[in-house]
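Reading through the structure tokens given below for one structure.
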Amino acid sequence: MDKIIETDIVIIGAGPVGLFAVFEAGLLKMRCHLIDVLPHPGGQLMEIYPKKPIYDIPGYPSVLAGDLVKNLMEQILPFNPGFTLGERAENVEKQADGRWCVTSSQGTKHIAPVIFVAGGLGCFEPRKPPIANIEYFEDKGVEYFVRNPEFFKNRNVVIAGGGDSALDWAIYLSDVAHELSLVHRRTEFRGAPDSVEKVLELAKSGKIKLITNAQVVGLNGNGKLDSVVIQHDTDGEFTLNTDYFVPLFGLTPKLGPIADWGLAVDKGAIEVNTLDYSTNVPGIYAIGDINTYPGKLKLILCGFHEATLACQSAFKMARPDQKLSFKYTTVTGIEGLSL
Amino acid sequence: MKDTVIITVFDRDDQRHDLDAPTDMGMSVMELCKSYELPVEGTCGGMALCASCHVYVLSQHELPEPTDDELAMLDQAFFVRENSRLGCQLKIREEMEGLELKLAPVSQ
């Protein structure tokens, strides 16, 4: 059976702003549950630049992005948030009782009166090469990830790309696949020197068919991929029979399913009212890099402020019968939530 | 000393835009395009991590060599040519007077 989680605020996105929202909600005795497509909290700070110093977090002359996430996790620990990680928030529905139900890509259901969208740049998705019919062949021979190497056992596989993941999978799959071809636009590879050397060795011994200065420009097949068209810089176009085409060009953030939830969107960002960072849909708020309003700055510190005001407003939604009293942590301290 | 230069940007419809570019603000070509509301996303904010500011350099200006980060990103981008650069890595400088650029196609 699908898992069902009930809470006060479902937070979509476990980046710094989503994490800090747990703290502010916790001060108001609201419970939170975070959903993130990445397998770990921290959002782009962990995924893209964990070792980069950030200089504009008040009170920290300099803090590494990874350390900021670690500190935020420690700060919200007393409030015991729940996490659904490695799953994408796919679908939002209003229930008969007025609460929202957010369903993840794996079917986990999250029920709460309030949703905070703290999705940052959006979901990290594979960068797709500009080949006209590539979407038609998805799941019919085009794979953007190597989920299970056994899948490619004794099949013909074409990998495209020149970075570490293309090199690593080419090396690994050269032992698994029947024939493994690696197509790269240039002669040089930018991956780790060890991997580059290994690929060149395997190419020499015939385990990898290395095709450089070339790009995959077309896909052929009827209902399923059976060949790719490769354009070589000097030799022109040729066709290569294959069962699978695996383009590995890294990840890029996309707004993703959030775009279809009926929220007002302007240039890829969710429009909000700066009074409380509410969207055009009552009960759904958008905080951090994913929102837009006149004067918006995409700064972590602004996201913290937005999270704080959104929590005050969310309290009225989640606890319509209770009075909200504003207190300083210097007066009341941190009272954890017992669940 | 003059503190602006003219940088010409051809958009994806080949429309020419002559932009007044300040040299004293540490501004990048990506930020310049955004400030003139040209269709440049600059998703990653200028960290050479998304290639949404990918441009072709049309004129013969001597530009600073790309860093490893920029080359690594260009390796993962599409429609890359010999004259490809990331706008976010091109800080506007006096030597860029008359620089001509073209916005690269948007990839998915």
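The values are calculated or read from the model by the stated rules, or taken from the named source; none is laboratory data. None of these values were measured; they are calculated from a predicted model. Here the Cβ is made from the backbone with ideal geometry for all residues, glycine too, and neighbour counts use every protein chain on show.
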Give all pairs with beta carbons closer than 6 Å in which a residue from the range A:124-138 that is over 17 Å from A:Ile230 (Cβ atoms) meets a residue that is among the hydroxyl-bearing types (Ser, Thr, Tyr) and not in a loop (DSSP other than H, G, I, E, B); count only pairs at least 6 apart in sequence or on separate chains. A:Arg127/A:Thr252
Kindly indicate whether A:Val17 is touching a helix residue (DSSP H, G or I) at 6+ places or on another chain (Cβ under 9 Å), surrounded by fewer than 23 Cβ atoms within 10 Å (Cβ to Cβ) and in a helix (DSSP H, G or I). no
Quick check: is even one residue across the range A:24-31 in contact with a Ser or Thr (Cβ under 9 Å, 6 or more places away or on another chain) and assigned to a helix (DSSP H, G or I)? yes
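Results for (1) within 14 Å of chain B (Cβ to nearest Cβ); (2) buried (at least 20 other Cβ atoms within 10 Å of the Cβ); (3) over 30 Å from A:Gly221 (Cα atoms), shown as yes or no for each residue.
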site: A:Val102; (1), (2), (3): no, yes, yes
site: A:Ser105; (1), (2), (3): no, no, no
site: A:Lys109; (1), (2), (3): no, no, yes
site: A:Gly119; (1), (2), (3): yes, yes, yes
site: A:Pro126; (1), (2), (3): yes, no, no
Filter the range B:23-34 down to the residues that are farther than 20 Å from A:Leu121 by Cα and over 10 Å from the mean Cα position of the chain (by Cα) and list them by number. B:Thr23, B:Asp24, B:Met25, B:Gly26, B:Met27
Select from the range A:135-165 the residues that are within 14 Å of chain B (Cβ to nearest Cβ) and within 21 Å of A:Thr212 (Cα to Cα) and list them in ascending order. A:Val142, A:Tyr144, A:Ile159, A:Ala160, A:Gly161, A:Gly162, A:Gly163, A:Asp164, A:Ser165
Please go through the range A:7-22 and pick out each residue that is of a type outside the set (Val, Ile, Thr) and either in contact with a Pro (Cβ under 9 Å, 6 or more places away or on another chain) or not assigned by TED's automatic domain parsing to the domain that holds A:Cys101 (or both). A:Asp8, A:Ala14, A:Gly15, A:Gly18, A:Leu19
Mind checking whether some residue in the range A:266-288 is in contact with a strand residue (DSSP E or B) (Cβ under 7 Å, 6 or more places away or on another chain) and under 30 Å from A:Ala214 (Cα atoms)? no
Checking A:Ser181 against (1) of a type outside the set (Lys, Arg); (2) buried (at least 19 other Cβ atoms within 10 Å of the Cβ); (3) out of contact with any Pro (no Cβ under 9 Å at 6 or more places or on another chain); (4) on the phi > 0 side of the Ramachandran plot: exactly one of these is not met. Which one? (4)
Residue check, A:Ile258 within 28 Å of A:Gln312 (Cβ to Cβ) and either touching a residue at least 60 places away in the same chain (Cβ under 8 Å) or not in a loop (DSSP other than H, G, I, E, B) (or both): yes
Considering every residue within the range A:90-103, establish whether at least one is of a type in the set (Gly, Ala, Ser) and closer than 29 Å to A:Thr292 by Cα. yes
Positions within the range A:191-212 being in contact (Cβ under 8 Å) with a residue 24 or more places away in the chain and in a helix (DSSP H, G or I), in sequence order: A:Ser195, A:Val196, A:Lys198, A:Val199, A:Leu202
Taking the range A:97-140 and keeping residues in a loop (DSSP other than H, G, I, E, B) and hydrophobic (A, V, I, L, M, F, W, C) leaves A:Ala118, A:Leu121, A:Ile131, A:Ala132, A:Ile134, A:Phe137
With the condition kept exactly as written, say whether any residue in the range A:296-313 is surrounded by fewer than 11 Cβ atoms within 10 Å (Cβ to Cβ) and either part of a loop (DSSP other than H, G, I, E, B) or in contact with a strand residue (DSSP E or B) (Cβ under 7 Å, 6 or more places away or on another chain) (or both). yes
Qualifying positions in the range A:216-233 - closer than 22 Å to A:Arg190 by Cβ and either more than 30 Å from the chain's Cα centre (by Cα) or at pLDDT below 95 (or both): A:Ile230, A:Gln231, A:His232, A:Asp233
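The rows are residues; the columns are (1) surrounded by fewer than 16 Cβ atoms within 10 Å (Cβ to Cβ); (2) in a loop (DSSP other than H, G, I, E, B); (3) away from chain B (no Cβ under 14 Å); (4) in contact with a Phe, Trp or Tyr (Cβ under 9 Å, 6 or more places away or on another chain).
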| position | (1), (2), (3), (4) |
| --- | --- |
| A:Ala21 | no, no, yes, yes |
| A:Leu38 | no, yes, yes, yes |
| A:Leu45 | no, no, no, no |
| A:Val69 | no, no, yes, no |
| A:Thr84 | no, no, yes, no |
